[in-house]
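Just so it is clear, none of the values below were taken in a lab; they were calculated from the coordinates. Here the structure is a predicted model, which means the values were calculated and not measured. Note: ideal-geometry Cβ built from the backbone for every residue, glycine included; neighbour counts use all protein chains shown.
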């Protein structure tokens, strides 16, 4: 009995994975055709962006402060004070800001997408859209995709600045590192490509969050219990997808030896 249940679970996961790939293809076609509901898109951008700002800022500030504590206590032993701010800036721009902001957004927004659309699915509101000759892809999914891909890069940049501010505060308060020394280190280490890479990652992560959240909502079955399962699974899958894609993106973007440490 347990083996049969396990096989059914794997089959459902594979079906949903294929549905997600099919949904991604549909989204590309619809976007190329210019099928965008502007009102829904603006509404979703408000939900994804401004409504997520506070939690993203708080997360980034404390991550920057904790990272500075861990780096400063080691670098001071080697007399490398001038590298503390730069190392924080590189860590935030290349990894921490885009990844952690995406994880926060997956937990907050990805779950909301799955729950909202999943509820519409089990209450047959999706079928009602077809009856009204409205495509759920155009009306529900594309606005969420555009909102995530547009707002996550902005949230990432704001989180990067907040993380650096948290680092400056801790460095000055606990390690007597002047603000000028810290900022000079950031300017020395941080390159334009580091910021561009953060934006590229954020756009891709935003697309993953939207597609996975909406796909799990559209494939929901089983009433209220199914909505709960879809919501939880969508968040887990989105976070896993973020981490896996981050590995490949980092490998493509940052191969070789960094020039900042060779000067």
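Considering only Cα atoms, the convex hull volume of region 1-139 works out to 194 Å³ per residue. Length gained on full extension, residue 42 to residue 244: 69.7 nm, using 0.36 nm per residue less the C-alpha separation.
The Rg/Rh ratio of region 50-102, with Rg taken over Cα atoms and Rh as the Kirkwood radius over Cα pairs, comes to 1.07. Extending 7 Å from Cα along the Cβ direction at residue 28 and again at residue 73 yields two label points whose distance is 4.9 nm. Could you identify which residue out of 226, 85, 163 has the top mean-square fluctuation in a GNM of the chain using Cα springs shorter than 10 Å? Result for the chain, Cα springs under 10 Å: 226 fluctuates most.
Return the equivalent ellipsoid semi-axes of the chain as a descending list in whole Å, where each equals the square root of 5 times an eigenvalue of the C-alpha gyration tensor. Write out the running numbers ahead of the final one.
Details: eigenvalues 325, 73, 54 Å².
Semi-axis lengths for the chain are 40, 19, 16 Å.
A P(r) calculated from all alpha carbon pairs of region 109-206, with 10 Å bins opening at zero, reads 13, 29, 22, 16, 11, 8, 1 percent. Computed over the Cα atoms of region 159-262, the ratio of the radius of gyration to the Kirkwood radius (Rg/Rh) comes to 1.16.
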